[in-house]
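Just below is one structure, and these are the notes that go with it.
The values are calculated or read from the model by the stated rules, or taken from the named source; none is laboratory data. Owing to the predicted nature of the structure, the values given are computational and were not obtained by experimental measurement. In this analysis, Cβ positions are derived from the backbone assuming ideal geometry, glycine residues included, and neighbour counts consider all displayed protein chains.
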Amino acid sequence: MSTHDDLSADHDPPVEATPSSRERLERALLHPGRGQVVAAVLLAVLGIAGVTQVRIAGTDDEYAGMRQADLVQALNGLQAASLRNEQEIRDLQSTRDALRSSSDRTAAALEQARSELSSLGVLAGTLPASGPGIRITITAPQARLSLNNLLDGIEELRDAGAEAMEINDEVRVVAQTSFDAADNGIDVDGQIVSSPFIIDAIGDPESLETALRFPGGFVDDVALDGGKVTIKQSQSIEVTSLRTPVKPQYAQSTKSK
Amino acid sequence: MIAIIGLVIGVAVGLILKPDVPIGLEPYLPIAVVAALDAVFGALRAFLDGLFDDKVFVVSFISNVFIAALIVFLGDKLGVGAQLSTGVIVVLGIRIFANVAAIRRHIFHA
């Protein structure tokens, strides 16, 4: 800081200075003097300090060497970032909750629609059904069964709570099913069924059989015409024939109430 | 020769002992190292000019380090520590470049 400063303005002609400085350098390397010991001590101190500083700068975390003002600024920045992140977390959580509840509602609605579909499908005849019920076999003379008797029987079964019915394992009997007299049997929904008529009905077996067997009821009527009815209760009646669903052409559904 | 050996010994001691720097002195160490480097290059140049004096070297080394640390300390007290550190580093860097240029002229004639 003192003597050496004055030298910065000093521009020696290199040609004249070089030989002597080279010689000095060689002499100092080969024959070190007393002054070099002091310089060596100071250089050792510099070496220690330099290596230590390099180690600190390389290994310590970035905040260790910072001043108070810088630290305060860094802290402010981190706090702002933390606030922003918390806000983002809240937003995302509310989004997640909304999505979750909406998906829950969708799943519940889907579940309800599925169960409604299956119960309506059984009633409309678009799904096969099984359950307890009775199997009625009617043997009519000359393969004839009075249309009125059959209708009466089916109405009695409906009255007793039959939930699914089919005739001869071929024709599903639903609300729209039509019956008509035919030459060699009965025309049910355009399909001719003939004797022996087998009616499968799912419902409470006791009630169904009672509904057919009361005095003056279906069994008696058929017997009057000379036919024969056998009723078998079972815990597993299979109603497998299906009916193609028809979209109503004139009737429109209206909101109830 | 002895000076170079001293530098090597210092580096080795620093590497082996891994001395801990007190927290209070940590901001001053880099400035002190740069200031000492400036004194060393100034001394090398004076040596090549034939003007080297070990007493001057010791005084300039110590006063360089002390004044650099003092400036940074004052800067910290005044609230402009970071800026003053940068200023000291810039000034010392310019001086080191000037000294190295003179040394280069001595050794390489260019």
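Could you check, for the range A:94-107, whether at least one of its residues is free of Cβ contacts under 8 Å to residues at least 60 places away in the same chain and loosely packed, with under 10 Cβ neighbours inside 10 Å? Before you say what the answer is, go through the steps one by one.
Applying the first criterion (free of Cβ contacts under 8 Å to residues at least 60 places away in the same chain) to the range A:94-107 yields A:94-107.
Imposing the further condition that a residue be loosely packed, with under 10 Cβ neighbours inside 10 Å reduces the set to none.
No.
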Check your understanding: Only one of (1) more than 9 Å from chain B (Cβ to nearest Cβ); (2) modelled with pLDDT under 55 fails for A:Thr3. Which number is that?
Key -> (1)
Check your understanding: Any residue in the range B:25-42 that is under 19 Å from A:Leu71 (Cβ atoms), at the interface with chain A (Cβ under 9 Å from one of its Cβ atoms) and among the aliphatic types (A, V, I, L, M)?
Key -> yes
Review point. Only one residue in A:Ser103, A:Ser94 is hydroxyl-bearing (Ser, Thr, Tyr), modelled with pLDDT of 95 or more and not in a strand (DSSP E or B). Which one?
Key: A:Ser94
Exercise for review: Quick one: which helices (runs of 4 or more DSSP H) lie wholly within chain B and hold at least 1 residues that are surrounded by fewer than 17 Cβ atoms within 10 Å (Cβ to Cβ)?
Suggested key: B:2-17, B:54-78, B:81-108
Exercise for review: Give the residues of the range B:26-40 that are without any contact (Cβ under 8 Å) to a residue 40 or more places away in the chain and hydrophobic (A, V, I, L, M, F, W, C), sorted by residue number.
Suggested key: B:Leu29, B:Ala32, B:Val33, B:Ala36, B:Ala39, B:Val40
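For the range A:136-175, give me each residue that is of a type in the set (D, E, K, R), assigned to a loop (DSSP other than H, G, I, E, B) and more than 46 Å from the chain's Cα centre (by Cα).
Pass one, the range A:136-175, residues of a type in the set (D, E, K, R): A:144, A:152, A:155-156, A:158-159, A:163, A:166, A:169-170, A:172.
If we keep only those that are assigned to a loop (DSSP other than H, G, I, E, B) as well, we get A:144, A:163, A:169-170.
Listed by number, the list holds a single entry, A:Arg144.
Could you say which residue among B:Val72, B:Val80 is at pLDDT 85 or above, out of contact with any strand residue (DSSP E or B) (no Cβ under 7 Å at 6 or more places or on another chain) and aliphatic (A, V, I, L, M)? Before the answer, list the steps.
Values: B:Val80 fails: at pLDDT 85 or above.
Matching residue, one of B:Val72, B:Val80: B:Val72.
Out of the range B:54-110, which residues are charged (D, E, K, R), facing another protein chain (nearest Cβ under 7 Å) and farther than 15 Å from B:Leu29 by Cα?
Within the range B:54-110, the first condition is being charged (D, E, K, R), and the residues that meet it are B:54-55, B:76-77, B:95, B:104-105.
Add one more test, that the residue is facing another protein chain (nearest Cβ under 7 Å), and what stays is B:54, B:76, B:105.
Matches in the range B:54-110: B:Asp54, B:Arg105.
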Review point. Regarding A:Arg55, is this residue farther than 30 Å from B:Leu7 by Cβ, surrounded by 12 or more Cβ atoms within 10 Å (Cβ to Cβ) and at the interface with another protein chain (Cβ under 7 Å from one of its Cβ atoms)?
Key: no
